[in-house]
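Have a look at the structure below before the remarks.
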Amino acid sequence: MPGYTFHLIPHTHWDREWYLPRSVFQARLVAALDDLLPQLESEADSTFLLDGQTVLVEDYLRVRPDQAPRISELVRAGRLQIGPWYVLADELIPSGESLIRNLLAGQIDADRWGMRSDVLYSPDAFGHPAAWPQLAGEFGMRYGVIWRGLGGKAGQERDLYRWRGPDGREVLLYHLPPDGYEIGAALPADRDHLPQVWNRIRGALVSRATTQHIAVFVGADHHAAHPNLSRLRALLRQLEPESDFRLSRLCDFFGAISAAGAGLPVLSGELRWSYGYTWTLQGVHGTRAPLKRRHSLAELALIGIAEPLTALALATRGTDQRATLQFAWRTLLRSQFHDSIAGTTSDEVTRHVELRLADARAVAWEVARTSLDSLVGNDPDQARVDPAGTAPRLVLWNPIPRRRGGVIVSDVTWFRRDVLVGPSGGRASREGAGLQSFHFAGDRGPLAVQLLGVVRDHERLDASRHYPDQDEVDRARVAFVAPEVSGLGFSILTTRGGTTRAPETGVWLRGNRMGNDLIELSVGRGGALRLKDRKTRQVYSNLLTLESGGDIGDTYTYSPPPKGRLHRSRGRVSLRPLARGPLVAALEASWRMRAGGPGKEGSVGVRLTVSLYAGSPAVRCTLRLDNRATDHRLRARIPTGLAGVSATAGTQFGIVERPPVRIESRGYVQETPVATAPGQRFVAAVRKNRGLALFAPGFFEYQLDASGDIVLTLLRAVGSLSRSDLSTRPGHAGWPLATPLAQSPGLDQLQLGLVPVTHGDIQAGVIQQHWEDLFLPVRGIWLRQATSLSPQPIDIALQGAGLVFSALKPATTGRGLVLRCFNSRDEAAAGAWQFATPVRTAHRTRADERPLHEIRLGDGGHLVPFHAAPHEIVTVMVSLGSTD
């Protein structure tokens, strides 16, 4: 028998919340760590891997703050391994920027408590994005550990691989065995029982070992540390004296095997297929879809609005709200824990997640509000002291680094009367005229306004040194053609009485049809859309047809009934015109359709609002659903007429091509592969000059079938956390528990976009700009009582073919601006950040904000040039000079 070196890696995998709420698991964590700390202190060679997520230290110290010095000492000594993540997130649902914020938070924590484990550890995520090796490199890590998503195919039988990211960077990857991270959890420190248990474990590990060094993970879900590792090691040495047994850290194991990297098989692309090896559980992408959509909106508010405004306010005005922004981020990240955002939790946990998402989004908007006031010079307290010195203003802000204008839709309010709060004390309520005819005025003259609707409402004006001012107002939604606004810059519009002439051309609405210069659209039976691309003359029919089929699965896995019936939306719909142009045309269709699983038929009420803007090729859609059916999967079908094409889907820091998946259940007795896939922001089916792209604010689940239809999951309505009787996955994936809220009952709303695209649009990166224009347009922020404004002059532009803007954030330390983009193409690109005002210094950094090299500025300090390799993530940090 050859001698091996077995690395015993003590650890726990700790789900912060799952079938029980976080509070219960936190209490158990405190007890487990209270037992662990003295063990680590008393045994000279002891070590423990705290699951790769620093949030567990945070949770522990909330209850035991007195233990912080002991934690820090053990971390610095290498006994307690923490990080690199803040939380073990689902890695396919959050955006790439969220994954970076996750690692940044973990890095900050690890630096505070001692040091970070430099192994990207993902023991239980439901699949991994292609950019995973890039993320490791961006944070200085060369090693990684995964489980699900790999295995079961020819050539995937070993334990070590090189996983290459789209930009060419690699990690040395350890693939956990089929039993995962808990393979050694049952090893007893008992002379009589150990041989039988060890022989089974040893056989599974040695059969797949690439080198003489073999990792043995000793731990499992919510397990306290093994009670007697020293005795266990001694017994194993007696049992197999020709081998060596060590208590090891992950870095010790990788240090021992690093020399084997050159000859290992190379992996590339995303890892979402481990059928026949271990459960992949890709059905989670459609579970609790309304929760995932709320997460996307909170994520978008942070990345697209609050973060850039905070960064600009810090860099130009010295207003520092990074602590509050980081609080919002951590609130969101705690909701990205893999079970939490996947929806594979109890209903009690889901309610807590929903509250956290609402909190994160609310804090994001508050940070954005105060940062914007700072950037434009608005003083709400001065407005309260001297209301006569204020005037209504509409602030236009462009959150994207390219000049943009076009049709903008915004809400404006007009004072009607005071709403007095508290004892009157003889106070009299002021009265106002409410909404009157008006138009906007900018630097280049008057701007016509199209009134889209008006409602009576309340508005509260807040100021830091005054009680809120509550008013009754007329709230009007208006559309207008905005002047071009500089990248990430501002423009101020005033109001003038009376109307001004609207443009002669724009959009029109006649009956069930609408159109502009680029596309024509009609709404037919069952709410189906017919779209004509006037540029290419391509026609697309039966778009967004809804269909409901039975789903008798659980929160982990889709499972169709044996004799399910597919209900399609086919009947007459009620139409209501909402706007007739010339800037915006909108039509609402409403109907109710049959839905539900066999024997549990119910209905879904649907309201679909479709709108077109003048000069835009996008069909903007809002779906409002009222689900009164159970055990079903509701989807929207988008036929493209492109049989046999692959889907082009957005993913973390790039695009992935996925062909249709043909389901073959034979040969996959553990779990049937799924035909669905995760998407970020968009998915398109294109061939030459014919194609359609579907857009969403963030994450979604879709399927591309062999006929070229894109099928979007709207709901997976199921009632059990886990079932053992599924035809698509025999056996429990979790503890059985009723989850009536996972049936997604009641009201939900989602926003979508449809745009005809060509192959050239995909190649040129135009599809990314369509998403920006749909979900991060130029924003109109109404200040009904604005003081004298002096907006900061900002004009930032990203230059370079195929470069996609990813983030503008404040530096973790100092007052620098961190700008990030990625190269979406297969060829290198020459890129640059262009600034209207000179920058003082610029550095190329990694995503962890560690500097790589200084950048030589061009154009008198206005240009920050860089080179982007194919599919490379490019992070630049600039200093704009002294603040005011």
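The values are calculated or read from the model by the stated rules, or taken from the named source; none is laboratory data. Remember, predicted model here, so these are calculated numbers, not experimental data. Here the Cβ is made from the backbone with ideal geometry for all residues, glycine too, and neighbour counts use every protein chain on show. Just so you know, the surface numbers come from the protein's heavy atoms only, side chains and all, with ligands and any DNA or RNA stripped out. Shrake-Rupley method; radii C 1.70, N 1.55, O 1.52, S 1.80 Å.
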For this session: Express in Å², to the nearest 10, the accessible area of residue 375 obtained by rolling a 1.4 Å probe over the protein heavy atoms while all chains stay in place.
Result: 0 Å²
Seminar exercise, completed: Restricting to aspartates and glutamates and to Cα separations under 16 Å from residue 688, and discarding same-chain partners fewer than 8 apart, the set is 533, 657, 761
Seminar exercise, completed: Compactness check, the range 166-313: C-alpha Rg relative to the 2.2 N^0.38 Å globular estimate gives 1.45
Problem set entry | Overall dimensions of the range 754-823 as given by Cα atoms, namely Rg and Dmax in Å | 16.5, 49
Exercise. Relative contact order for the range 76-224: what is it in percent, counting Cα pairs under 8 Å that are at least 6 residues apart?
Worked result: 18 percent
Exercise. Mind listing the phi-derived Karplus ³J(HN,Hα) values for the range 837-848, rounded to whole Hz, using 6.51, -1.76 and 1.60 with θ = phi - 60°, and x for any glycine or proline?
Worked result: 10, x, 8, 8, 9, 8, 9, 7, 10, 7, 5, 7
Problem set entry | Under 5 Å, built H, 5+ apart or other chain: amide partners of residue 508 | 515
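Subtracting the Cα-Cα distance from 0.36 nm times the residue separation, let me have the gained length for residue 801 to residue 844 in nm, one decimal.
Details: separation 43, 0.36 × 43 = 15.48 nm, distance 1.92 nm.
Fully extending the segment from residue 801 to residue 844 adds 13.6 nm.
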Seminar exercise, completed: Between residue 213 and residues 5 or more places away or on another chain, the pairs with built amide H atoms under 5 Å apart involve 5
Exercise. Pairing the Cα long axis of helix 96-113 with the longest principal axis of the chain, what angle in degrees results, from 0 to 90 and rounded to the nearest 10?
Worked result: 60 degrees
For this session: Per residue of the range 330-346, in order, report the coupling 6.51 cos²θ - 1.76 cosθ + 1.60 (Karplus, θ = phi - 60°) as ³J(HN,Hα) in whole Hz, putting x for Gly and Pro.
Result: 5, 4, 5, 4, 5, 8, 8, 3, 4, 6, 5, 7, 5, x, 8, 9, 5
Exercise. Which of 722, 251, 287 sits closest to the plus end of the dipole of the chain, meaning its Cα is farthest towards the positive end, when Lys and Arg get +1 and Asp and Glu get -1 on the C-beta?
Worked result: 287
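Given all pairs of different Cα atoms, what value in angstroms does the Kirkwood hydrodynamic radius of the chain take?
The answer is 29.2 Å.
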Seminar exercise, completed: Kirkwood Rh for the range 821-883 from C-alpha pairs, in Å, is 12.2 Å
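For the chain, what is the relative contact order in percent, using Cα pairs closer than 8 Å and at least 6 residues apart in sequence? Intermediate values should be presented prior to the final figure.
Values: 2261 pairs, mean separation 111.3, N = 884.
Result for the chain is 13 percent.
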For this session: Would you mind pulling out the separation of the Cα centroids of the range 71-139 and the range 275-317, in Å?
Result: 17 Å
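Give the Kirkwood hydrodynamic radius (Å, one decimal) of the range 741-878, defined as one over the mean of 1/r across all pairs of different Cα atoms. Display every interim value, and only then the final one.
Values: mean 1/r = 0.0564 Å⁻¹.
That comes to 17.7 Å for the range 741-878.
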Problem set entry | Among 652, 618, 636 the positive-end extreme of the charge dipole of the range 617-667 (Cβ point charges) | 636
Exercise. Where does the chain land at 222 nm, in deg cm²/dmol rounded to the nearest 500, when only DSSP H runs of n ≥ 4 count, each adding -39500 (n - 2.57), divided by all residues?
Worked result: -6500 deg cm²/dmol
For this session: Mind pulling the angle between the C-alpha long axis of helix 347-376 and the longest principal axis of the chain? Nearest 10 degrees, somewhere in 0 to 90.
Result: 50 degrees
For this session: At q = 0.12, 0.17, 0.21 Å⁻¹, work out log10 I(q)/I(0) for the range 536-682 with the Debye formula, treating every Cα as an identical point scatterer and leaving solvent out; two decimals please.
Result: -0.70, -1.25, -1.42
Exercise. PRE reach from residue 735 (point 7 Å along Cα→Cβ): which of the range 340-381 fall under 14 Å by backbone N?
Worked result: 345-349
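Mind checking the per residue accessible area of the range 635-710 for me, 1.4 Å probe, whole number of Å²? Kindly include the intermediate steps, with their values, before the conclusion.
Numbers: 2680 Å² over 76 residues.
I get 35 Å² per residue for the range 635-710.
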Seminar exercise, completed: Restricting to lysines and to Cα separations under 29 Å from residue 292, and discarding same-chain partners fewer than 8 apart, the set is 600, 809
Exercise. Counting Lys and Arg as +1 and Asp and Glu as -1, each charge on the Cβ, what is the dipole of the chain about the Cα centre in debye, to the nearest 20?
Worked result: 2920 debye
For this session: With +1 on each Lys and Arg Cβ and -1 on each Asp and Glu Cβ, and nothing else charged, work out how big the dipole of the range 429-540 is about its Cα centre, in Debye to the nearest 20.
Result: 760 debye
For this session: Taking every Cα atom in the range 83-136, find the radius of gyration and the maximum pairwise distance Dmax, and write them in Å.
Result: 10.8, 31
For this session: Give the Rg/Rh ratio for the range 283-341, taking Rg as the radius of gyration of the Cα atoms and Rh as the Kirkwood radius, to two decimals.
Result: 1.11
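Based on the Cα coordinates of the range 9-68, what is the per residue volume of their convex hull in Å³? Working shown, then result.
Working: hull volume 4.9 nm³, N = 60.
Taking the convex hull of the Cα positions in the range 9-68, it is 82 Å³ per residue.
Between residue 258 and residue 643, take the C-beta separation as r, use R0 = 45 Å, and let me know the FRET efficiency to the nearest 0.05. Show your work: numbers first, answer last.
On the way: r = 48 Å, r/R0 = 1.06.
Efficiency computed from Cβ-Cβ geometry: 0.40.
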Problem set entry | Note, ³J(HN,Hα) from phi for the range 212-220, Karplus 6.51, -1.76, 1.60, rounded to Hz, x at Gly and Pro | 7, 9, 10, 8, 10, 6, 10, x, 6
Exercise. How big is the Cα convex hull of the range 476-624 in projection, averaged over all directions, in nm²?
Worked result: 13.7 nm²
Exercise. Relative to the longest principal axis of the chain, what angle (0 to 90°, nearest 10) does the C-alpha long axis of helix 766-775 take?
Worked result: 70 degrees
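Computing the accessible area with a 1.4 Å probe over protein heavy atoms, can you report the carbon and sulfur percentage for the range 17-138? Walk me through the numbers before you get to the answer.
Details: 1700 of 3200 Å².
Carbon plus sulfur share of accessible area: 53 percent.
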Problem set entry | For residue 565, residues with placed amide H under 5 Å, excluding near neighbours | 550
Problem set entry | Solvent-accessible area per residue for the range 371-516 (1.4 angstrom probe, square angstrom) | 50 Å²
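Let me know the charge dipole size of the range 668-723 about its Cα centre in debye, to the nearest 20, where only the beta-carbon of Lys, Arg (+1) and Asp, Glu (-1) is charged.
Details: 6 positive and 4 negative charges, 44 e Å.
Computed about the Cα centre, the dipole is about 220 debye.
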Exercise. Between the range 673-689 and the range 422-499, what is the C-alpha centre distance in whole Å?
Worked result: 41 Å
Seminar exercise, completed: Sorting 495, 137, 205 by the position of each Cα along the dipole of the chain (Lys, Arg +1; Asp, Glu -1; all at Cβ), the one nearest the positive end of that ordering is 495
Exercise. Suppose R0 equals 25 Å; then what is the FRET efficiency for residue 317 and residue 467 from their Cβ-Cβ distance, rounded to the nearest 0.05?
Worked result: 0.45
Seminar exercise, completed: the range 578-627 and the range 241-265 have their Cα centres apart by a whole-number Å value of 57 Å
Problem set entry | Cα→Cβ-extended label distance, 7 Å offset, between residue 512 and residue 35, nm | 6.7 nm
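Of the chain, which part is the longest with no GluC sites (Glu not before Pro) in a loop (DSSP not H, G, I, E, B) and with at most 11 other C-beta atoms within 10 angstrom? Walk me through the intermediate numbers first.
Values: sites that count: 242, 504, 664, 827.
Segment 243-503 is the longest.
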For this session: Quick one: go through the range 275-291 and flag any residue whose amide nitrogen is under 15 Å from the point 7 Å out along the Cα-to-Cβ line of residue 669.
Result: 276-278
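Report the trypsin sites (Lys or Arg not before Pro) located in the range 137-180 that are in a DSSP loop and have at most 15 other Cβ atoms inside 10 Å of their Cβ, or state none.
Qualifying residues, ordered by number: 153, 158.
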For this session: Compute the whole-percent fraction of alpha carbon pairs in the range 351-392 spaced more than 15 Å apart.
Result: 58 percent
